[in-house]
Amino acid sequence: MEGVSTRGVLSHLSLLEDQASSRGSRVLQQPSRVKELRAKVEALTSQRDQLKAEIQTHKNLQKLRPSVDKRRAAGGEEDMDVDSESSELLRLMARHSELSDLLHAHHLIGGYDVIKTRQGKGMCFSLATAYEGVYLDTYNLEIDLRPKVRITRHNIPPFIPLNNLAEQSDLQTGLRAFLDTVSQHLNAFAGRKQQLKLVKEQHKSVEVMESNLLCSILVLMFTVPKEKTPLLCTLEYTDHTRCLPTRVHLDSEDKRLPDAPQWKKNCSLLTEVPVHRALTAIRKSRDIV
Amino acid sequence: NEGRKMSENTEEVKLLEAQIMHLQAEIEALQQQQQVNCKDITFQFTGQMQDALAFLCGQTQDLEEMVVSRLKEEVEELEEDLKLQTRIDGISLNSCIRKTLQNRGQEVVQLLCLSGRCSELVFQVEFQLSEVKDGSRTERKISDLNLVLDSNDLQSLSSFLSRYRPAPINNGKII
């Protein structure tokens with residue numbers, strides 16, 4: 001019987017041993033899981049602190065710059081009291097931000113963006129165009145200052161007489177006047193081009209027979225209701241600094257049509273109001289389809 | 001004793017897991033706030049400004065003097081650019097305040113308040129600017145224009161102003 005009980009004890013002992021070792025491995029697992037979790041906490045904490053620091057920096061910068069909300073709310077002196085270690089850096093950042101905004105404002109208010117080129121020996125101007133509150137294409141003009149003021153490169157289309165305009169203004173003394181004139185030509189061109197685009201979009205019943213690159217000539221084909229008589233309308237824009245035509249001419253097989261009082265009124269309208277809007281009015285009064 | 005060690009570890013695990021969840025929630029909230037900040041144009045930094053921000057957040061190994069001096073150099077360049085631009089435009093701006101009203105990827109709407117001087121005329125102008133990206137071009141529109149001028153001669157400006165304002169203009173100063 002001793003043999004049996006010994007076996008029993010031994011097997012019991014080995015059972016306990018097994019239990020102990022499996023518990024032991026579980027205990028071993030816990031430290032590595034804990035290590036893993038601690039590492040994760042550290043990583044997340046640093047990520048959180050990073051975000052907090054960025055947000056705080058933004059806040060500090062905001063305190064140093066006037067803002068729309070502050071101006072409307074307080075209307076008084078800004079609170080410039082920034083409690084931070086790197087206040088010189090923050091002040092520089094605020095000034096940088098202010099200067100960038102002022103330069104952006106110059107850009108928006110319709111001046112000519114200028115950057116210096118070739119170590120200050122040249123300047124590059126950007127001329128923006130706009131029509132009816134919408135900004136259109138921007139053109140660039142590079143000018144050498146030394147030995148004398150002259151145009152070097154540009155992307156202004158060839159049908160704008162740049163060299164003629166340069167000769168007419170004295171580049172040496174009146175650079176700004178020259179830029180103003182070029183801008184006027186470019187804006188008028190952009191306006192005429194935009195009007196043509198709007199005519200095509202808004203008035204499908206009107207056929208564009210002819211137009212030129214400078215958009216200084218526009219020939220449109222109207223259809224008069226009733227007999228569906230075709231009526232050819234030529235718009236001449238001889239003043240290239242303007243978006244309105246200087247002359248409107250009508251042609252029809254029905255010779256009486258252009259002299260009709262209604263059409264004399266419409267021709268007048270076409271010289272006073274941009275073509276796409278004039279056409280809307282003319283179609284509304286059912287003079288054309 | 002093994003039993004106690006085990007329950008301590010389980011406790012610690014639970015604690016750590018709770019901490020992790022808490023941190024993740026904090027981070028998500030901060031990221032949302034960060035997103036709001038970043039949509040504001042005034043906080044979209046590049047170049048030396050980005051370096052300075054990185055320094056302030058403890059993200060770089062650069063010395064403070066280095067960061068400061070590089071930023072100072074860039075600020076001085078901007079001062080020069082502003083002087084030149086002021087000379088060319090003949091307009092002297094003394095303040096520009098920008099606020100992003102809306103930033104939806106393709107479309108950005110800002111409110112701008114400018115004040116300055118042109119010849120002898122002192123002015124303040126405020127308007128909304130909407131910029132929509134359309135391929136390589138950006139379409140920009142001005143609306144809600146408000147102009148304050150120290151002048152009684154506003155008639156000559158009324159047609160210009162009426163293009164950007166929904167309401168008709170009365171005589172006298174416009175605010």
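The values are calculated or read from the model by the stated rules, or taken from the named source; none is laboratory data. All values derive from a computational prediction rather than experimental measurement. Using ideal geometry, Cβ is built from the backbone for each residue, glycine included, and neighbour counts are taken over all protein chains shown.
Could you list, in sequence order, the residues of the range A:149-192 that are part of a helix (DSSP H, G or I) and acidic (D, E)? Passing the criteria: A:E167, A:D180. The set of residues in the range A:37-61 that are more than 7 Å from chain B (Cβ to nearest Cβ) and modelled with pLDDT under 90 comprises A:Q56, A:K59, A:N60, A:L61.
Looking only at the range B:69-103, filter to residues that are among the charged types (D, E, K, R) and within 7 Å of chain A (Cβ to nearest Cβ); which one of those is surrounded by the fewest Cβ atoms within 10 Å (Cβ to Cβ)?
B:E79
Across the range A:25-36, which residue is farthest from B:Q33 (Cα to Cα) among those that are more than 8 Å from chain B (Cβ to nearest Cβ) and at pLDDT below 80? Only one residue fits best here, namely A:S25. Within the range A:116-142, the set of residues being within 11 Å of another protein chain (Cβ to nearest Cβ) and either over 24 Å from A:Q195 (Cα atoms) or aliphatic (A, V, I, L, M) (or both) comprises A:K116, A:G120, A:M123, A:F125, A:A128, A:A130, A:V134, A:L136. B:F45 meets the stated requirement of being under 29 Å from A:M123 (Cβ atoms) and facing chain A (nearest Cβ under 9 Å).
Scanning the range B:52-67 for residues that are surrounded by fewer than 19 Cβ atoms within 10 Å (Cβ to Cβ) and either within 16 Å of A:L103 (Cα to Cα) or not hydroxyl-bearing (S, T, Y) (or both) turns up B:A54, B:C57, B:G58, B:Q59, B:Q61, B:D62, B:L63, B:E64, B:E65, B:M66. Taken together, the residues in the range B:120-153 that are under 17 Å from A:A130 (Cα atoms), assigned to a strand (DSSP E or B) and of a type in the set (S, T, N, Q) amount to 4. Collect the residues in the range A:131-148 that are of a type outside the set (A, V, I, L, M), closer than 18 Å to A:G111 by Cα and assigned to a strand (DSSP E or B), keeping them in residue-number order. Matches in the range A:131-148: A:Y131, A:Y135, A:D137, A:T138, A:Y139, A:N140, A:E142. When the range A:274-288 is filtered for residues that are touching a residue at least 12 places away in the same chain (Cβ under 8 Å) and surrounded by 13 or more Cβ atoms within 10 Å (Cβ to Cβ), the ones remaining, listed by number, are A:P274, A:V275, A:H276, A:A278, A:L279, A:T280, A:A281, A:I282, A:R283, A:D287, A:I288.
Of the strands (runs of 3 or more DSSP E) lying entirely inside the range A:193-289, those containing at least 2 residues that are more than 33 Å from the chain's Cα centre (by Cα) span A:217-224, A:229-236, A:247-252. Selection of the range B:1-42 for residues being more than 7 Å from chain A (Cβ to nearest Cβ) and at pLDDT 85 or above yields B:E11, B:K14, B:L15, B:A18, B:M21, B:H22, B:A25, B:E28, B:A29, B:Q32. In the range A:88-99, the residues that are under 12 Å from B:L53 (Cα atoms) form Cβ pairs under 6 Å with partners that are outside any helix (DSSP H, G or I) and charged (D, E, K, R), at six or more places apart or across chains, as follows: A:A94/A:R65. Please work out which residue is nearest to B:L78 (Cα to Cα), limiting yourself to the range B:57-68 and to residues that are modelled with pLDDT of 85 or more and at the interface with chain A (Cβ under 7 Å from one of its Cβ atoms). That would be B:V68. If we scan the range A:93-115, do we find a residue that is part of a strand (DSSP E or B), facing another protein chain (nearest Cβ under 8 Å), at pLDDT 85 or above and surrounded by fewer than 18 Cβ atoms within 10 Å (Cβ to Cβ)? Yes, some residue in the range A:93-115 is part of a strand (DSSP E or B), facing another protein chain (nearest Cβ under 8 Å), at pLDDT 85 or above and surrounded by fewer than 18 Cβ atoms within 10 Å (Cβ to Cβ). In the range A:108-139, what count of residues is obtained for those that are of a type outside the set (G, A, S), free of Cβ contacts under 8 Å to residues at least 40 places away in the same chain and closer than 16 Å to B:L84 by Cβ? Residues in the range A:108-139 being of a type outside the set (G, A, S), free of Cβ contacts under 8 Å to residues at least 40 places away in the same chain and closer than 16 Å to B:L84 by Cβ: 11 in total. For the range B:60-81, residues that are touching a Leu at 6+ places or on another chain (Cβ under 8 Å) and not aliphatic (A, V, I, L, M) total 4.
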